[in-house]
Amino acid sequence: MANIKINVDRVYSFVGQEKIDSLQQEVSLSYNELINKAGKGNDFLGWLGLAGETLNSPLVKNITEEAQKISAQSEAVVVIGIGGSYLGARAIIDSLNDHFTHYQKGKPEIIYAGQHISEEYLYDLLHLLDHKDYSIIVISKSGTTTEPALAFRLLKKHIEQKYGKENARKRIVAITDQSKGALKKLADKEGYPTFTIPDDVGGRFSVLTPVGLLPIAVAGFDITKLLEGAASMKTELFKSPSLAENPACLYAAVRNALYRNGKPVELLVNFQPKLFYITEWWKQLFGESEGKGHKGIFPAGANFSTDLHSMGQYIQDGLRVLFETMLLVEKPGRTLEVPLEQDDADGLNYLAGKRIHEVNNMAAAGTAIAHNDGGVPVISISLPELNEFNIGELIYFFEFACGISGYMLEVNPFDQPGVEAYKNNMFALLGKAGYEDKQKELLKKM
């Protein structure tokens, strides 16, 4: 049995169980398309069996050994990537790391670059790295994606000036295409250690490839347990498409039933700050997979109870177009109780002796009831605790559900044609060769 649990009881007053059950045939068709690799985008389904295949290959050993080399020489490691080349690793590292030190004892701090174009951020990063021993993991299939390529150009120059070109080569690892692209060509020329991004795995599904595994291992976490969790979830989900037995199929069915019933916005919320980047990864996974052909469920996120004091009003009383998926953690990794105060000036003595986690749980329960009463369907997904195995399960659960849901929407969940529009405009406006006519056209619109 999977450790991840899903509860949809707070949906039935909006979409009845009979309505959800009526989608079983549609779910089964989508499920068969997915597991038999017979649907749209089937050349990007390498992630389906990746966890088990990786566990039984030398790759885990090779990644672990490279991670140990990087860790031994680095106070910090800069991971350069954007989208799926960075979000998955950051989501898992942040969900397991200390809230404040942001690294494990004896392991380097993981710093991120290439995920945006901010001159101040990059300037401050270079200044920080002047005073740290560091290494670079650069992740890009092509090596020419603007944001990471720009960051790598700056950091490559910095690290070569800091350590000398020969020593810098030992501090740069490239994760890229097996045989082609600008980064692969450079890595071969300079002799960087390299790992391969599989041809049949798209960026947003790549966290269980070296794209995610190497940074996670460098940060000090057990990638074997992570893969075991994903493989365990795969075994569970491949048994049957039954909504009564398959939690990912149930999740896909419920969210599509709500979408067809006038709820086009899904809000993934959590009650743990460590899960902030899990939400960010989830937003990319579903947004880039489903938002096509002028349709799809819009994925948004909120962090409770913080956002209950900002977005909470809209969620409770605003336009009734959204549903909520609550990501819950049953057991915290720390123990802390509310102390007793003699004067009780803040009126909190009724909580004295209670675990902070119990207070948080009641905040979650109270929120679910209030939002439900206010017209928001609520799905709950719970993890027993935050560890590598459970996070591996969660990652695979969402990836599988995304594939089923995308097919139910009748889109290709594994391409992203819309992403190219902003890139082409940016290239033209910056004067890239070959975009002259496009530049003239755009300048008239500015």
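Report, for the chain, the % of DSSP beta bridges that are antiparallel, rounded to 5. Here the share of antiparallel DSSP bridges comes out near 15 percent. Taking all Cα pairs closer than 8 Å and separated by 6 or more residues, the relative contact order of segment 22-175 comes to 24 percent.
Across segment 303-308, coupling constants 3J(HN,Hα) worked out from phi with the 6.51/-1.76/1.60 Karplus curve, θ = phi - 60°, read 10, 9, 8, 3, 6, 5 Hz, and Gly and Pro carry x. Positive-end ranking of Gly353, Tyr314, Ala363 along the dipole of segment 310-446, with charges on Cβ about the Cα centre, is headed by Tyr314. Here the relative contact order of the chain, from alpha carbon pairs under 8 Å that lie six or more residues apart, stands at 23 percent. Shown for the chain are the DSSP H helices of 27 Å or more along their axis, judged by Cα atoms, with a mean Kyte-Doolittle hydropathy of at least -1.0: 388-408. Using a cut-off of 27 Å between Cα atoms, the listed pairs Lys40/Lys61; Lys234/Lys283; Lys157/Lys184 include Lys40/Lys61 as exceeding that distance. Specify whether the C-alpha gyration tensor of segment 51-177 places it in the rounded, prolate or oblate class, a ≥ b ≥ c being the square roots of the eigenvalues: rounded for a/c under 1.5, otherwise prolate if a/b is larger than b/c and oblate if not. Since a/c stays below 1.5, the shape of segment 51-177 is classed as rounded. Per-atom-type breakdown for segment 64-116 gives carbon and sulfur 50% of the accessible area (1.4 Å probe, protein chains only). A Gaussian network model of the chain, with springs between Cα atoms under 10 Å, assigns the largest mean-square fluctuation among Leu336, Leu394, Leu96 to Leu336.
Sorting 400-407, 22-29, 119-126, 431-438 by their mean Cβ neighbour count within 10 Å, with the most densely packed peptide first, gives 400-407, 22-29, 119-126, 431-438.
Listed by chain and number, the aspartates and glutamates whose alpha-carbon sits under 19 Å from that of Lys423, ignoring those within fewer than 8 places in the same chain, are Glu119, Glu147, Glu288, Asp415, Glu436, Asp437, Glu441. Percent of Cα pairs in segment 191-259 per distance bin of 5 Å, from zero to the largest separation: 3, 14, 15, 17, 19, 14, 10, 5, 2, 1, 0. Close amide H contacts of Val11 (hydrogens built in the peptide plane, cut-off under 5 Å, sequence separation of 5 or more or a different chain): Val378. In this structure Glu109 has an accessible area near 50 Å², from a 1.4 Å probe over the protein heavy atoms. Per residue, the Cα convex hull of the chain amounts to 178 Å³.
The values are calculated or read from the model by the stated rules, or taken from the named source; none is laboratory data. Small disclaimer: the values here were computed from a predicted structure and weren't measured. Here Cβ is always computed from backbone atoms with ideal geometry, including for glycine, and neighbour counts include all displayed protein chains. The area values use the complete protein model at the heavy-atom level, side chains included, leaving out ligands, DNA and RNA. Shrake-Rupley method; radii C 1.70, N 1.55, O 1.52, S 1.80 Å.
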